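Report on one structure; see the data block that follows.
The values are calculated or read from the model by the stated rules, or taken from the named source; none is laboratory data. From a predicted model like this one, the values you see are computed outputs, not experimental measurements. With ideal geometry, Cβ positions are generated from the backbone for all residues, glycine too; neighbour counts draw on all protein chains shown. For the accessible areas, the whole protein counts, side chains as well, though only heavy atoms, and no ligand, DNA or RNA atoms are used. Shrake-Rupley method; radii C 1.70, N 1.55, O 1.52, S 1.80 Å.
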Amino acid sequence: MGICNLAAEYYVAHREWPLSRAQFEEQNRRLLGTERPQMSPEEAQELSGFLDRFTLLDLRKSGEDLVLHYRFKIERRTVDQTVTLRPRETADEILEAASAKGYD
(Lines give C-alpha, C1' and ligand atoms only; values in the text may rest on other atoms or scores of the structure.)
Protein backbone atom coordinates (compact mmCIF):
# COMPACT_ATOMS: atom_id res chain seq x y z
CA MET A 1 0.00 0.00 0.00
CA GLY A 2 3.02 2.30 0.13
CA ILE A 3 2.58 3.37 -3.48
CA CYS A 4 -1.11 4.10 -2.87
CA ASN A 5 -0.17 6.14 0.18
CA LEU A 6 2.25 8.22 -1.90
CA ALA A 7 -0.50 8.92 -4.45
CA ALA A 8 -2.96 9.80 -1.68
CA GLU A 9 -0.48 12.11 0.05
CA TYR A 10 0.24 13.80 -3.28
CA TYR A 11 -3.49 14.33 -3.85
CA VAL A 12 -4.00 15.86 -0.40
CA ALA A 13 -1.03 18.21 -0.88
CA HIS A 14 -1.90 19.31 -4.45
CA ARG A 15 -5.61 18.55 -4.85
CA GLU A 16 -4.76 16.70 -8.04
CA TRP A 17 -3.51 13.20 -8.77
CA PRO A 18 0.09 12.45 -9.68
CA LEU A 19 0.31 11.46 -13.33
CA SER A 20 4.04 10.76 -13.66
CA ARG A 21 6.85 8.94 -11.96
CA ALA A 22 8.54 12.32 -11.42
CA GLN A 23 5.58 13.49 -9.34
CA PHE A 24 5.82 10.30 -7.25
CA GLU A 25 9.55 10.92 -6.79
CA GLU A 26 8.85 14.49 -5.67
CA GLN A 27 6.30 13.28 -3.11
CA ASN A 28 8.66 10.56 -1.88
CA ARG A 29 11.44 13.13 -1.34
CA ARG A 30 9.03 15.41 0.51
CA LEU A 31 7.89 12.54 2.73
CA LEU A 32 11.46 11.47 3.38
CA GLY A 33 12.38 15.03 4.35
CA THR A 34 9.58 15.36 6.90
CA GLU A 35 9.81 11.82 8.32
CA ARG A 36 13.61 11.38 8.39
CA PRO A 37 14.05 12.63 12.01
CA GLN A 38 11.81 9.79 13.25
CA MET A 39 13.44 7.10 11.08
CA SER A 40 16.37 4.85 11.62
CA PRO A 41 19.12 5.11 8.98
CA GLU A 42 17.94 1.78 7.55
CA GLU A 43 14.34 3.00 7.20
CA ALA A 44 15.51 6.21 5.54
CA GLN A 45 17.66 4.20 3.10
CA GLU A 46 14.73 1.90 2.30
CA LEU A 47 12.35 4.81 1.68
CA SER A 48 14.85 6.63 -0.52
CA GLY A 49 14.96 3.60 -2.88
CA PHE A 50 11.28 2.73 -2.59
CA LEU A 51 10.24 3.71 -6.12
CA ASP A 52 13.14 1.77 -7.66
CA ARG A 53 11.31 -1.46 -6.80
CA PHE A 54 8.53 -0.75 -9.27
CA THR A 55 8.95 -2.06 -12.80
CA LEU A 56 5.64 -0.48 -13.87
CA LEU A 57 3.75 2.60 -12.72
CA ASP A 58 0.79 3.38 -14.97
CA LEU A 59 -1.26 6.37 -13.85
CA ARG A 60 -4.51 7.29 -15.55
CA LYS A 61 -7.31 9.61 -14.57
CA SER A 62 -10.82 8.25 -14.86
CA GLY A 63 -13.17 11.11 -14.20
CA GLU A 64 -12.09 12.41 -10.80
CA ASP A 65 -10.46 9.11 -9.82
CA LEU A 66 -6.93 7.80 -10.32
CA VAL A 67 -6.45 4.32 -11.75
CA LEU A 68 -3.04 3.17 -10.54
CA HIS A 69 -1.56 0.04 -12.11
CA TYR A 70 1.75 -1.04 -10.64
CA ARG A 71 4.13 -3.98 -10.77
CA PHE A 72 7.06 -5.01 -8.60
CA LYS A 73 9.00 -8.15 -7.76
CA ILE A 74 9.28 -9.59 -4.29
CA GLU A 75 10.79 -12.91 -3.26
CA ARG A 76 10.86 -14.40 -6.78
CA ARG A 77 7.28 -13.45 -7.56
CA THR A 78 5.81 -10.56 -9.47
CA VAL A 79 3.00 -8.53 -7.95
CA ASP A 80 0.82 -6.82 -10.53
CA GLN A 81 -2.14 -4.84 -9.21
CA THR A 82 -4.56 -2.14 -10.19
CA VAL A 83 -6.31 0.07 -7.67
CA THR A 84 -8.72 2.95 -8.09
CA LEU A 85 -8.22 5.90 -5.77
CA ARG A 86 -11.03 8.36 -5.21
CA PRO A 87 -10.75 11.96 -4.01
CA ARG A 88 -11.25 12.41 -0.26
CA GLU A 89 -10.14 15.00 2.28
CA THR A 90 -7.30 13.00 3.83
CA ALA A 91 -4.85 10.35 2.69
CA ASP A 92 -6.29 7.94 5.27
CA GLU A 93 -9.78 8.42 3.84
CA ILE A 94 -8.48 7.82 0.31
CA LEU A 95 -6.77 4.58 1.40
CA GLU A 96 -9.79 3.41 3.41
CA ALA A 97 -12.09 3.96 0.42
CA ALA A 98 -9.70 2.04 -1.85
CA SER A 99 -9.36 -0.81 0.68
CA ALA A 100 -13.10 -1.08 1.28
CA LYS A 101 -13.71 -1.73 -2.41
CA GLY A 102 -10.63 -3.88 -2.76
CA TYR A 103 -8.15 -4.15 -5.60
CA ASP A 104 -9.20 -4.83 -9.14
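Every residue in segment 69-92 that is open to solvent by 70 Å² or more (accessible area, probe 1.4 Å) and either assigned to a strand (DSSP E or B) or at positive phi (or both), please.
If the condition is that a residue be open to solvent by 70 Å² or more (accessible area, probe 1.4 Å) and either assigned to a strand (DSSP E or B) or at positive phi (or both), then ARG71, LYS73, ILE74, GLU75, ARG76, ARG77, THR78, ASP80 are the ones that fit.
When you look at ARG60, is it in a helix (DSSP H, G or I), of a type in the set (Lys, Arg), over 11 Å from the mean Cα position of the chain (by Cα) and surrounded by fewer than 16 Cβ atoms within 10 Å (Cβ to Cβ), yes or no?
no
Given the options LEU95, LEU47, LEU66, name the one that is touching a residue at least 24 places away in the same chain (Cβ under 8 Å), out of contact with any Lys or Arg (no Cβ under 7 Å at 6 or more places or on another chain) and in a helix (DSSP H, G or I).
LEU95
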